[in-house]
Amino acid sequence: MEGLAFFGAAFGAGLAVIGAGLGIGKIFASAAEATARQPEAANEIRSTVNLPLFLLEGVTIIALVVCILAVVL
């Protein structure tokens, strides 16, 4: 049964990292496209991108900690 916990934790951590990578890529692709369309709004676009980026990274770190705790506990 312990091997199944390792597999589940590794699978969950992998999904969390892949999902975060896709989300961050989508955020920055949209920001780059918006900056290309409106160069004068680059500072506002950059500041708008920061909040979702930080929230996404925080959720990913929490998911990784939960996966690690699933193995340890």
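Values in this text are rule-based calculations from the coordinates and carry no lab data. Here the structure is a predicted model, which means the values were calculated and not measured. Methodologically, a virtual Cβ is constructed for each residue, glycine included, from the backbone with ideal geometry; neighbour enumeration extends over all protein chains shown.
Computed from Cα positions, the angle between helix 2-37 and the longest principal axis of the chain comes to roughly 0 degrees. Computed from point charges on the beta carbon alone (+1 for Lys and Arg, -1 for Asp and Glu), the dipole magnitude for the chain about its Cα centre is near 60 Debye.
Pairwise Cα distances in the chain exceed 15 Å for 61 percent of all pairs. A full extension of the chain between Ile68 and Ile27 corresponds to an added length of 12.0 nm, given 0.36 nm per residue minus the alpha carbon distance.
Against the chain, whose longest principal axis is taken from its Cα atoms, helix 42-72 shows a tilt of about 0°.
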